[in-house]
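Some notes on the structure that comes next.
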Amino acid sequence: MRRSQLFLPTLKETPSEAKIVSHRLMLRAGLVRQSAAGIYTWLPAGYRVLRKIEQIVREEQDRAGAQEVLMPTIQSAEVWRKSGRYDDYGKEMLRIVDRHDREMLFGPTAEEVITDIVANEINSYRDLPKNLYNIQWKFRDEVRPRFGVMRGREFLMKDNYSFDLDYESARHSYNKMFIAYLRTYARMGLQAIPMAADTGPIGGDLSHEFIILAETGESAVFCDKALLELPPPGDEVDYSADLQSTVETWSDHYAATDEMHDPEKCPIDADQLVTARGIEVGHIFYFGTKYSEPLGAVVQGPDGQQVTLEMGSYGIGVSRLVGAIIEASWLVGLINLKVGDAECDAACEKIYADLQAAGVEVIYDDRDVRAGGKFADMDLVGIPWQLTVGPRGVKDGKVEVKRRSADEKSEIALDALGAWIAERAAL
Ligand code: 5CA
């Protein structure tokens, strides 16, 4: 594409409503424009990114044996009445009346629609298991849409739904998605941590949120440091094999969101516990017969008896991921190698203040612990830029800069750091 032809309306100034770096960047780089509160138009450059993310999600779903469908955005109130959620969903549901006075709604999720299809079309255990997904726009009339595409009202979600004959098989479907999610995020360069989660309006008793660590995350999260060191499942994953032990490699480690974390009961020592902020980029649920029962998703089992299907649902925030990837990737880590040394402390405090004043998100490791531990932490959290300040460097008027992705180190003069910071801030 010739730049002269491209529709890429970039902005010199940062719009005042953009409070976090991904929102600022997405507006300034001409990726999106807001059409109404929490509703965005994706411009050519942004839409390309969205489609690439969508494609990774699609490939990993297909690999795990899910089949793609496309459900409507506008749904009938009827199926939601059957499940009992039409009234429960409250003000987050955008309700519409058509010209015949029929009650419709813009789907916030699709458990009812897909369960209704399966109830009508699948009658025998021989046609199970099934796992159906779609990548479709959802609408939730959030009270406070904010942070651009991170918490929109209209947003793109990959949602899928598994249908199984019994608990064992449903648990296998859940495990497949658990592994597929770890792989999906890893392909995007993200380390997503599965955390025990609250099930909210979707319901059920087994659920994991997939969280990536980022300063601007909406929730506080707590997890065992060991989780950050686990490599994602590779191409050798065999989805037909028993995946329980692989899933337990992750789920046996302590990891909880704010609502689930109890400091009194936390089994992890303070020095092994990561306390951070996180962005929820996916959420998986097993909820048994919560929807299949009221919607009549029943099949004939091998012994001729009627069996109500066991279900799970699995969501990935596709449009949120565009923002989340930016949030997880723009941060500077500042390491003070000799806390207590007057010169090191003074240099670090100044750099820290300058970075903050320039609006660059920074973690300053001012703890009086071994340098090795500090480097390891910065690497684990995946901070892309590291500035290291040590006594020798400061004497020579220099700090070390490391770019994580390239694993390259260089030195920069303290008096050139202002320009370097300005460069980061401009991004
Ligand atoms: N039916 C289930 C799974 S299919 C469901 O709706 N789960 S959910 O409510 O947790 O949403 C799935 C994912 O969509 C979330 O993990 C989050 O990444 C994304 N998401 C939820 N609300 C928003 C929003 N307002 N803006 C952007 N993304 C959102």
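Checked against the criterion of being surrounded by 13 or more Cβ atoms within 10 Å (Cβ to Cβ), within 16 Å of the ligand (Cβ to nearest atom) and farther than 29 Å from Ala186 by Cβ, region 8-15 contains not a single residue that satisfies it. Residue count for region 148-173 under the criterion of being within 25 Å of Glu54 (Cα to Cα) and more than 12 Å from the ligand (Cβ to nearest atom): the result is 3. Only a single criterion out of (1) surrounded by 19 or more Cβ atoms within 10 Å (Cβ to Cβ); (2) within 16 Å of the ligand (Cβ to nearest atom); (3) closer than 30 Å to Glu59 by Cα is not satisfied by Arg277, namely (1). Just so you know, in region 100-118 the residues that are of a type in the set (Val, Ile, Thr) and touching a residue at least 60 places away in the same chain (Cβ under 8 Å) include one that is nearest to Trp137 (Cα to Cα), and it is Thr109. When each of Ala186, Ala192, Ala196, Ala119 is tested for being more than 9 Å from the ligand (Cβ to nearest atom) and within 19 Å of Glu68 (Cα to Cα), the lone residue that passes is Ala119. Listed by first and then second residue, the pairs with beta-carbon distance under 8 Å, at least 6 apart or on different chains, first residue in region 274-295 and closer than 30 Å to Gly373 by Cβ and part of a strand (DSSP E or B), second among the β-branched types (Val, Ile, Thr) and within 11 Å of the ligand (Cβ to nearest atom), are Gly278/Ile211; Gly278/Ile212; Ile279/Ile211; Ile279/Ile212; Glu280/Ile211; Val281/Ile211; Val281/Ile212; Val281/Ile316. Scanning region 237-250 for residues that are in a loop (DSSP other than H, G, I, E, B) and of a type in the set (Phe, Trp, Tyr) yields a single hit, Tyr239. Which of the residues belonging to region 138-147 are within 8 Å of the ligand (Cβ to nearest atom) and assigned to a strand (DSSP E or B)? Result: Lys138, single match. Where strands (runs of 3 or more DSSP E) fall entirely within region 153-236, those with at least 2 residues that are within 18 Å of the chain's Cα centre (by Cα) and surrounded by fewer than 19 Cβ atoms within 10 Å (Cβ to Cβ) are at 219-224. Every condition in (1) assigned to a helix (DSSP H, G or I); (2) under 20 Å from Val389 (Cα atoms); (3) not acidic (Asp, Glu) is met by Val322 except one, and the failing one is (2). Does any residue of region 301-318 turn out to be within 16 Å of the ligand (Cβ to nearest atom) and in a helix (DSSP H, G or I)? Yes; the residues of region 301-318 include at least one that is within 16 Å of the ligand (Cβ to nearest atom) and in a helix (DSSP H, G or I). Any residue at all in region 361-379 that's in contact with a Ser or Thr (Cβ under 8 Å, 6 or more places away or on another chain) and within 16 Å of the ligand (Cβ to nearest atom)? No, region 361-379 contains no residue that is in contact with a Ser or Thr (Cβ under 8 Å, 6 or more places away or on another chain) and within 16 Å of the ligand (Cβ to nearest atom). If you take the residues of region 285-335 that are charged (D, E, K, R) and surrounded by fewer than 24 Cβ atoms within 10 Å (Cβ to Cβ), which of them is farthest from Leu190 (Cα to Cα)? Applying the filter and picking the extreme gives Asp303. Evaluating Gly373 against the criteria (1) farther than 26 Å from Val21 by Cα; (2) at pLDDT below 85; (3) of a type outside the set (A, V, I, L, M); (4) assigned to a loop (DSSP other than H, G, I, E, B) leaves one unmet condition, (4).
One residue stands out in region 19-49 among those that are among the small types (Gly, Ala, Ser) and within 16 Å of the ligand (Cβ to nearest atom): the one that is modelled with the lowest pLDDT, namely Ser22. Residues that are on the phi < 0 side of the Ramachandran plot and surrounded by fewer than 14 Cβ atoms within 10 Å (Cβ to Cβ) within region 69-94 comprise Leu70, Pro72, Ile74, Glu78, Asp87, Asp88, Lys91, Glu92, listed in sequence order.
The values are calculated or read from the model by the stated rules, or taken from the named source; none is laboratory data. A quick note: this is a predicted structure, and the numbers were derived from the prediction, not measured. Note that we place each Cβ from the backbone using ideal geometry, even for glycine, and neighbour counts take in every protein chain shown.
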